[in-house]
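Here is the structure we will look at.
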Amino acid sequence: MQRYLILFCLMILSLAGFAQKAMPEERPPYVLVVHGGAGAMEWEHMSDEARRGYEAGLLEALSAGEEVLKKGGTSIDAVVAAIARLEDNPLFNAGRGAVFNEAGQIAHDASIMEGKQGKAGAVGMVGIIKHPILAAKAVMDDGRHVFLVGRGAELFASSKGVDTVSPDYFYTKERYDAWEKTRKTRLEREFPLQPKGTVGAVALDMNGNLAAGTSTGGMHYKRVGRLGDSPVIGAGTWADNNSCAVSATGHGEYFIRNAVASDISARMKYLGQSLQEAANEVVMVRLAALDAGGGIIAVDRKGNIAMPFNTPGMFRGYVRAGEKPYVAVSKEK
Ligand code: ASP
């Protein structure tokens, strides 16, 4: 009898050992992923110098966000730090360097969401907020509303101490020339798929909390009053501790209609798909079938990363605790 008992105990112990090995690897202490937009850029003609500029911008954003996570800061603060850096960088279509609308104005959209309680904030059509992501965070922190647009959003943000600047601050010659060219030729009136450069970040912090944020000037030569997916919670931005955090970039109208960011999370929760499966199906199958160009970055609660895009390239990068950051521009790298 005793022999059987010992044998039984040994069996249980070896099964437990097997189960442990079969379990997924431990999640990394923190993960940060950023993007600087997807689009139909002439990736193969991009000079090495230009590519290095974009890569340096992504690395700077990763380092700003990692600084927060390394010290045990929250995923929300890391997302804000990374995005604010990209908003400062005139190479990207967010903050300084944003694209112009039909009327030759710059109108920014941004949103942010945290995965623990599902709190979210967004602003649309703001033109004087230095860091639109900070305005989105102010809306989230205030908690009374989720989405503010236009003058009301600007007044609210500045009442919360968010910096405002003159609209000239956002101007860059490259974006202005692109606007002028489109205006003259009027060839690409309906949502031309131009090099974009919307920015976004998703993060997992040491407490296992997820967050996502997105900031943009929207589509080049958009109609006055147009809002894209970037400030729309569930379309361009989503975070849920039970599944994943997502930030999107691409042809916003399709991303809104397909609730892209929340669909990826829902597929994980309700269909049991992995992050990679869910992200690939939405971006590479469903959006691709609609000819809707773009991509997403995402991280799940275990620290897995997905960065699919169906365009020739997407500025992207990530860093995991204790690892060297990775950045890439085109499909190959
Ligand atoms: N999704 C953005 C928009 O439609 C554009 C982009 O990602 O480049 O406003």
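The values are calculated or read from the model by the stated rules, or taken from the named source; none is laboratory data. Owing to the predicted nature of the structure, the values given are computational and were not obtained by experimental measurement. Please note: Cβ atoms are built from the backbone with ideal geometry, for glycine as well, and neighbour counts cover all protein chains shown. Accessible surface is based on the protein model in full, side chains and every heavy atom, while ligands, DNA and RNA are left aside. Shrake-Rupley method; radii C 1.70, N 1.55, O 1.52, S 1.80 Å.
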Computed over the Cα atoms, what is the radius of gyration of region 252-333 divided by 2.2 N^0.38 Å, N being its residue count? 1.11
For region 63-170, what relative contact order do you get, as a whole percent, if you take Cα pairs closer than 8 Å and at least 6 residues apart? 20 percent
Under unit Cβ charges (Lys, Arg +1; Asp, Glu -1), what dipole magnitude, rounded to 20 debye, does the chain have relative to its Cα centre? 440 debye
Between the alpha-carbon centers of region 213-244 and region 121-192, tell me the distance in whole angstrom. 12 Å
Magnitude of the Cβ-charge dipole (Lys and Arg +1, Asp and Glu -1) of region 221-333 about the Cα centre, nearest 20 debye, reported as 220 debye
Sorted by mean Cβ packing within 10 Å, highest first, what order do the peptides 59-68, 286-295 take? 59-68, 286-295
If you roll a 1.4 angstrom probe over the protein chains with everything in place, what fraction of the accessible area of the chain belongs to carbon and sulfur, to the nearest %? 54 percent
If one compares the long axis through the Cα atoms of helix 48-70 with the longest principal axis of the Cα atoms of the chain, the angle in degrees, nearest 10, works out at 50 degrees
Residues of the chain: accessible area per residue at 1.4 Å, in Å²? 46 Å²
When we measure straight from the Cα of residue 181, which lysines land under 26 angstrom away, once same-chain ones fewer than 8 places off are left out? 173, 196, 222
Over the Cα atoms of the chain, what radius of gyration and what Dmax do you get, in Å? 21.1, 93
Quick P(r) readout (region 67-160; Cα-Cα; 5 Å bins; whole %) gives 3, 14, 24, 23, 20, 11, 4, 1, 0
Top of 206, 113, 314 by mean-square fluctuation, Gaussian network on the chain, Cα under 10 Å: 206
For region 158-281, go through all pairs of different Cα atoms, get the mean of 1/r, take its inverse, and jot down that Kirkwood value in Å. 16.4 Å
Given a 10 angstrom Cα cut-off, can you work out which residue in 72, 39, 115 is the most mobile in a GNM of the chain? 72
If every Lys and Arg gets +1 and every Asp and Glu gets -1 at its Cβ, then about the Cα centre region 70-226 yields a dipole, in debye to the nearest 20, of 240 debye
